[in-house]
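Okay, structure first, notes after.
The numbers here are math on the coordinates, done by the rules we state, and not lab data. Because the structure is a prediction, the values reported are computed rather than measured. Positions of Cβ are backbone-derived with ideal geometry, glycine not excepted, and every protein chain shown enters the neighbour counts.
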Amino acid sequence: MSAVNVDDDVNIDDDEELVIQHCATRQQDCAQFVTLLRSSVCVINDYVSLFCDKTPCMTSSQTGQRWLRELFVGHPRRFHNMFRMTKVIFFDFLALLEQEHGLKGTQRTPASEVLAITIYILGHNETFRKSGERFQHSTETLSRLFMIGLQALTNLSMHNIAPTDRHFRSIPGHIQNDERYMPFFKDCIGAIDGTHVDARIPVENQVPYIGRHGSTTQNVMAVCDFNMCFTYVVPGWEGSAHDTRIYHRAVRDPQSKFPFPPEGKYYLVDAGYPMEKGLLKPYPETRYHLPDFARGNRPIEGRREIFNKAHSSLRSVIERSFGVWKKKWAILSKMPQFEFSKQCVIVVVTMSLHNFIRRHPSRSDPEFDVCDENESFIHPEAYELRPNNRPRTMDPNPNSAPSSFEGTGATQMTNIREYITDQLTQYHR
């Protein structure tokens with residue numbers, strides 16, 4: 001009897017444990033079910049709120065159109081601060097894009113607001129979310145309208161990023177009317193240089209785009225005239241790419257439409273480019289940049305320094321152009337997470353905007369005016385992505401180390417440099 005009782009007690013205890021475990025499992029299953037049910041309810045509620053509930057989200061009385069009307073009749077400075085151009089230039093720009101380059105509004109959004117949204121995002125680098133709040137549109141609508149504006153600007157860029165005189169028949173007024181450069185540089189038609197723009201690159205592809213300063217950038221080669229307008233641009237190169245490599249790829253590509261100088265004409269370049277036909281570079285191992293000449297009381301020594309100072313002063317037009325361009329369009333300093341192809345488009349369309357503002361008959365713009373009044377002034381934005389954001393002095397730009405390579409026509413360009421140097425030396429005696 002004793003043994004049987006012990007066995008019975010053991011069996012009873014085992015059954016109780018099984019019941020307790022079963023109850024605990026059921027409780028866990030119920031808790032998980034309740035949690036899943038709550039999550040499902042939240043997901044369904046979010047879906048209904050986003051796609052089924054038609055309650056308006058953007059309900060501010062200050063709609064984008066009302067805000068624009070207020071700016072159109074308000075103080076000119078407010079308008080320029082928001083859209084980086086005067087009212088006159090904006091309306092002329094709007095008319096051009098509508099008539100010739102396919103800018104169209106939508107049923108609810110006129111073309112003027114589409115253009116305003118596009119320029120606002122480019123000028124202030126605002127997110128679609130913040131811009132949507134400003135113009136009272138959803139982020140999806142803002143994205144779509146931005147792309148419409150970007151496409152119209154792209155169409156324009158194919159026409160206005162080009163020389164005004166495609167055959168370079170005349171001497172640039174900037175040279176012709178300045179005794180420092182005339183007649184010495186009468187055959188010069190512009191300047192070529194590279195600059196770096198912030199880039200957003202997937203982690204697995206970042207290495208080629210990392211420059212010596214540790215950030216990912218795209219290297220942009222540009223040509224500008226002496227009116228501070230861009231006449232040619234090659235965006236999208238890796239930040240580590242050398243200027244000479246980009247230049248040679250551009251001029252050897254028959255589809256690139258590079259504006260080749262006619263016989264006897266040339267562009268000014270710095271030490272990062274080769275001495276070859278159509279390119280006039282400074283003397284190596286000689287003071288060159290203007291801050292080097294301004295530092296201290298050391299006078300100009302020798303004919304080579306005379307040439308280099310004049311060359312640097314004239315070639316600085318492209319650095320002033322980069323400065324105005326980057327100051328106006330904040331999106332270039334911190335590019336959003338767009339596809340890289342769209343980042344390259346943004347580079348091009350902001351240069352197109354830059355050109356239209358500069359070439360407008362009103363000739364009224366604060367950023368350009370500062371450079372016109374003082375040719376030695378360069379907006380600090382031109383030196384972004386350099387150490388400490390300070391102007392370079394003796395150092396060349398990040399990818400413009402002195403090049404020993406000389407291309408076809410180097411002897412001809414060397415003779416031109418010697419001839420100009422002799423003329424300048426006689427003039428300064």
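Can you run phi through the Karplus equation (6.51, -1.76, 1.60; θ = phi - 60°) for region 163-177 and list ³J(HN,Hα) in whole Hz, with x for Gly and Pro?
x, 5, 10, 5, 9, 6, 6, 9, 7, x, x, 4, 8, 4, 9
Quick one: what are the phi-derived ³J(HN,Hα) couplings along region 272-283, Karplus 6.51/-1.76/1.60 with θ = phi - 60°, whole Hz, x for glycine and proline?
With coefficients 6.51, -1.76 and 1.60, one gets x, 10, x, 7, 8, 3, x, 10, 10, 10, x, 5 Hz.
Report, as a whole number in µm² per second, the diffusion coefficient that Stokes-Einstein gives for region 173-427 at 37 °C and 0.692 mPa s using the Kirkwood radius over alpha carbon pairs.
D, rounded to a whole number, is 174 µm²/s.
Pop the C-beta distance of R144 and E70 into the FRET formula with R0 = 22 Å and round what comes out to the nearest 0.05.
0.35
Can you give the calculated 222 nm mean residue ellipticity of the chain, where each DSSP H run of n ≥ 4 adds -39,500 (n - 2.57) and the sum is split over every residue, rounded to the nearest 500 deg cm²/dmol?
It lands at -16000 deg cm²/dmol.
In region 64-160, what is the volume of the convex hull around the alpha carbon atoms, normalised per residue and reported in Å³?
Spelled out: Cα convex hull of region 64-160, divided by residues, is 91 Å³.
Leaving out same-chain residues fewer than 8 places away, which lysines sit with a Cα under 26 Å from that of K342?
Within reach: K104, K130, K257, K326, K327, K328, K334.
So how strong a dipole does the chain carry about its Cα centre when Lys and Arg Cβ are +1 and Asp and Glu Cβ are -1, to the nearest 20 debye?
2980 debye
Which of Y288, I300, S316 sits closest to the plus end of the dipole of the chain, meaning its Cα is farthest towards the positive end, when Lys and Arg get +1 and Asp and Glu get -1 on the C-beta?
I300
Treating the angle as unsigned and between 0 and 90°, give the value, to the nearest 10°, between the Cα long axis of helix 410-427 and the longest Cα principal axis of the chain.
Between helix and principal axis, roughly 60 degrees.
Could you give the length gained by full extension between R169 and K87, i.e. 0.36 nm per residue of separation minus their alpha carbon distance, to one decimal place?
Gain on extension, R169 to K87, equals 26.1 nm.
Work through the residues other than R66 whose Cβ is under 15 Å from its Cβ and net out their charges, Lys, Arg +1 and Asp, Glu -1.
Net local charge, R66 excluded: +1.
What's the percent breakdown of Cα-Cα distances in region 141-280 across 5 Å bins, shortest bin first?
2, 9, 15, 18, 17, 15, 11, 7, 4, 2, 0, 0
Roughly how many Å is it from the Cα centre of region 139-163 to that of region 286-318, as a whole number?
Each part's Cα centre sits 41 Å from the other's.
Using 0.36 nm per residue, how much length does the chain from R295 to F260 gain when fully extended, once their Cα-Cα distance is taken away?
Gain in length upon complete extension: 9.0 nm.
Testing the spin-label approximation: label points 7 Å from Cα along Cα→Cβ at N45 and C23. State their distance in nm.
3.3 nm
From the mean inverse distance of alpha carbon pairs (Kirkwood) and the Cα radius of gyration, derive Rg over Rh for the chain.
That ratio is 1.24, to two decimals.
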